[in-house]
Amino acid sequence: GLTESPSATYDCDAAASRQCPQYFLYYMHGLGHGIGLDVHDPGAAPSRNATTRLVEGSAFTIEPGIYVRENLVGILPNTPRNRALGETIRAAVKRYANIGVRIEDDYIVTAAGVDWISRAPREISEVEAEMRKPYAGPLPRNRSMVELYRATTPRESR
């Protein structure tokens, strides 16, 4: 497999002074971010090291993913433990090299709770059917939606 176990770690530096979860090798960003006028609006979603109170009108993503870099074994800090880990994961890294998948779900906080606003395919057959369709490029920006969002102020800021 790509990791030894869900709680397994690796040496983050050559001095082996710090341990990092092995999943960091394949998941190098946070779990989500705020969305709005900017792609990554600050303060609208929790980070790894902080808690954020989401208020009505907040929009945010939750986006788990996995990214298998072809050079992963070679970029591990050179420690005895990491060399052993490299040997353990080498075959799986070779098999899945340069594959990356991220599921980005978008949400808006409402007075009634949280609304899931992205409806992308989930099942393998649905995703593969989407991928077979011709790519038409990004959709044009809907100015009325931009103006609607600009007019919305999170309740806590009012």
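None of the figures in this text is laboratory data; all of them are computed from the coordinates on show. Being a predicted model, the structure only gives us computed values, none of them experimental. Here the Cβ positions follow ideal geometry from the backbone for every residue, glycine too, while neighbour counts run over all protein chains shown.
Run the dipole for the stretch 9-120 about the Cα centre, Lys and Arg Cβ at +1, Asp and Glu Cβ at -1, nothing else charged, and hand back the magnitude in debye, nearest 20. Mind dumping the intermediate values first?
Numbers: 11 positive and 12 negative charges, 138 e Å.
Using Cβ point charges on Lys, Arg, Asp and Glu, the stretch 9-120 gives about 660 debye.
Using amide H atoms built in the peptide plane, which far-off residues or other-chain residues are under 5 Å from residue 9 H to H?
22
For the stretch 55-120 and the stretch 122-137, what is the separation of their C-alpha centers, rounded to whole Å?
With the stretch 55-120 and the stretch 122-137 each reduced to a Cα centre, they are spaced 20 Å.
As a footprinting exposure proxy, order 139, 25 by other Cβ within 10 Å, with the fewest listed first. It would help to have the intermediate numbers written out before the result.
On the way: 139 6, 25 22.
In increasing order of surrounding Cβ atoms, one gets 139, 25.
If you filter the stretch 71-146 for chymotrypsin sites (Phe, Trp or Tyr not before Pro), then keep DSSP loop positions with at most 16 other Cβ within 10 Å, what is left? Numbers along the way, then the final one.
Values: sites: 96, 107, 116, 135; in loops: 135.
Taking the stretch 71-146 and a limit of 16 other Cβ atoms within 10 Å, the loop chymotrypsin sites (Phe, Trp or Tyr not before Pro) found are 135.
Ranking 94, 133 by Cβ neighbours within 10 Å, fewest first, what do you get? Don't jump to the answer; show the numbers that get you there.
On the way: 94 12, 133 7.
By the 10 Å Cβ count, ascending: 133, 94.
Over the stretch 9-120, calculate the relative contact order: mean separation of alpha carbon pairs under 8 Å at least 6 apart, over the residue count, as a percent.
Numbers: 176 pairs, mean separation 29.0, N = 112.
It comes to 26 percent, rounded to a whole number.
Magnitude of the Cβ-charge dipole of the stretch 66-158, K/R +1 and D/E -1, about the Cα centre, nearest 20 debye? If you can, show how the numbers build up before the last one.
Working: 16 positive and 12 negative charges, 70 e Å.
Once rounded to the nearest 20, the dipole reads 340 debye.
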